[in-house]
Amino acid sequence: MTPTLHSTPDNPIPGNHTAGFFEGVGNCKIRYAVFKSDAPVAKGTVVLLQGRNESIEKYAETIGELTARGLWVATFDWRGQAGSERLLKQPRRGHVRRFSDYERDLNIFLEKIVLPDTRLPFFMLAHSMGALVALSQAPMLASRIDRLAIAAPFVALGGQKVGHGMISFMAAVFSVCGLGFLPLMRDRSSLPFSQNLLTSDAKRFARNKALTDMHPELALGPPTARWLHETFKAIKRIASREHLTRIRVPTIVLAPTQDRLVPHLAVENLARNFRAGHMIPIDGARHELFQEADHYRAQAIAAIEAFIPGSTADMAMMEDEGLSA
């Protein structure tokens, strides 16, 4: 395995970066990259956490925008997907043994890569499943990161023929019966743009498809029963008022209102009990905010730019609104 980052004609990888592997839990090889800004003085480092079935390459556009603003970006591929080590003999199955493996990999990344090799202060930007991991770890992150921005957090599953509750029940049964390695959903990777649930932007959809067509080793199929079981348990835990009130990192929650994968109501319910969080609806947007049409995506980027790296006046405003401990 080599830590290559793959450019395509429509998706060039930003320069001034280093890439490598670090050893995650159980010696799993995790691909990472650190992108440096060309600014003479860095404003800090954004730890970028992807969603399920995403890769470092998919965020090239967003990484370029962040580094152009004077920020460094540190990111990695989750275990079992993209350029990191796969966990099953069937490499396209999206699998994890324990949700805590994701959390421990993140902590190793912060300790072994981010802290020694990047620039303070540290911020975190997390999408979908990455946002679920960030929320799970957030009570322990107050001494490590200054601010957290989460986009379309995976706090419920929609867009399926059966409901979240039934899928959760089936995933638990399969896992208990030793069948957690089996997928419970059909593979939607070949769906045309007109049937996709993720973005309304045809150009970015085609760009991402071209990336996985040219580099199929980056692609992932449907999740296994075990993956669903582990993530649903994490969703139940982080959505509790007890957990949310322990989070003291100032947070914004970017919530696309036309998200068919994560129902908007579930994100609203999360934000209602999230004392340190402030929800920003992106009206009309679908799940993948950073792959969305310009008029939706620009709102998300503007909110992040206003929040990270932030200012003393901004912090005072958040404290007045009761958003910071």
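Odds and ends about this structure:
- Entry remark, region 301-325: residues being at pLDDT 50 or above, surrounded by 12 or more Cβ atoms within 10 Å (Cβ to Cβ) and of a type in the set (Gly, Ala, Ser) number 3 in total.
- Search result, residues across region 103-113 that are out of contact with any helix residue (DSSP H, G or I) (no Cβ under 7 Å at 6 or more places or on another chain) and either more than 27 Å from Val267 (Cβ to Cβ) or crowded, with 24+ Cβ neighbours inside 10 Å (or both): Ile108, Glu111, Lys112, Ile113
- Pairs with Cβ under 7 Å, 6+ apart, first in region 61-74 and in contact (Cβ under 8 Å) with a residue 40 or more places away in the chain and of a type in the set (A, V, I, L, M), second surrounded by fewer than 23 Cβ atoms within 10 Å (Cβ to Cβ) and in a strand (DSSP E or B): Ala74/Val34
- Subset of region 1-59 (residues that are of a type in the set (S, T, N, Q) and within 20 Å of the chain's Cα centre (by Cα)): Asn11, Thr45, Gln50, Asn53, Ser55
- For Ser190, the test of being among the small types (Gly, Ala, Ser), surrounded by 13 or more Cβ atoms within 10 Å (Cβ to Cβ) and either part of a loop (DSSP other than H, G, I, E, B) or touching a helix residue (DSSP H, G or I) at 6+ places or on another chain (Cβ under 9 Å) (or both) is failed.
- For region 11-23, filtering for residues that are out of contact with any Phe, Trp or Tyr (no Cβ under 8 Å at 6 or more places or on another chain) and modelled with pLDDT of 95 or more leaves 5.
- Inter-residue pairs, beta-carbon under 7 Å, first under 11 Å from Ile108 (Cβ atoms) and part of a strand (DSSP E or B) and in region 11-28, second modelled with pLDDT of 95 or more and of a type in the set (A, V, I, L, M), 6+ apart: Phe22/Ile30; Phe22/Ile108; Phe22/Ile113
- Index of the failed condition, Ala298 passing every other in (1) in contact with a strand residue (DSSP E or B) (Cβ under 6 Å, 6 or more places away or on another chain); (2) aliphatic (A, V, I, L, M); (3) modelled with pLDDT of 95 or more: (1)
- Considering only residues in region 186-196 that are more than 21 Å from the chain's Cα centre (by Cα) and in contact (Cβ under 8 Å) with a residue 12 or more places away in the chain, the one that is farthest from Lys58 (Cα to Cα) turns out to be Arg186.
- Among the residues examined, Val262 qualifies as touching a His at 6+ places or on another chain (Cβ under 9 Å) and part of a loop (DSSP other than H, G, I, E, B).
- Tabulated pairs, region 197-217, first under 19 Å from Arg297 (Cα atoms), second among the hydrophobic types (A, V, I, L, M, F, W, C) and not in a helix (DSSP H, G or I), C-beta under 6 angstrom, 6+ apart or interchain: Leu197/Leu261; Ser200/Ala293; Asp201/Ala293
- When each of Ala255, Ala239 is tested for being buried (at least 24 other Cβ atoms within 10 Å of the Cβ), over 30 Å from Pro91 (Cβ atoms) and in contact with a helix residue (DSSP H, G or I) (Cβ under 7 Å, 6 or more places away or on another chain), the lone residue that passes is Ala255.
The values are calculated or read from the model by the stated rules, or taken from the named source; none is laboratory data. For clarity, every value in this text was computed on a predicted model and none was experimentally measured. Counting neighbours? That spans all protein chains shown, and the Cβs are built from the backbone with ideal geometry, glycine included.
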